[in-house]
Amino acid sequence: MKLLFASFLALYLGATPTQKHEVVGVWKFISEDGTGLVIHFGEDNIFRVDFEGDGSYDLKGAYIAKDNNISITDSEGDCAGKTGIYTMTFEGNEMALTQLSEECEARVAGEGEKLEFSRQE
């Protein structure tokens, strides 16, 4: 009886395995001026950014991805504690982020502007 109750409680509380979100992985962005950056979205809801593409991470923070929206909050740097919310669209190995709102001036792409990424891993 205790096992049955524990199983029911685990299911009720959502303790079942979840499918990883499509955003999980390594993505590369190349800007119009040819500079690029690499973002790693981990299964642990932590993102890491490599601005130079040299394999070392320069910035990290937390993200929450649900359905086609993602919110990102830097944990360090000029945007520490500031959140940006974006809509995500996926097509094959491509991802586009469209800014909905942004608290950090350094990340502002322009409302409605799409940032396009290619999956690396």
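Each reported figure results from applying straightforward, stated rules to the coordinates on display, with no laboratory input. The model shown is predicted, which means the values in this text are computed figures rather than measured ones. Backbone-built Cβ (ideal geometry, glycine too); neighbour counts: all protein chains shown.
Overview of results
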| quantity | calculated |
| --- | --- |
| Cβ-Cβ FRET estimate between residue 105 and residue 28, R0 fixed at 25 Å, reported to 0.05 | 0.60 |
| Largest-first principal axis extents, alpha carbons of the range 58-108, Å | 32, 21, 18 |
| Long-range amide H partners of residue 82 with built H, under 5 Å | 74 |
| Residue order, fewest to most beta carbons within 10 Å, for 20, 82 | 20, 82 |
| Top positive-direction residue, dipole computed over the range 31-83 with Cβ charges, set 61, 38, 49 | 61 |
| Simple spin-label estimate for residue 56 and residue 113 in nanometres, 7 Å along Cα-Cβ | 2.9 |
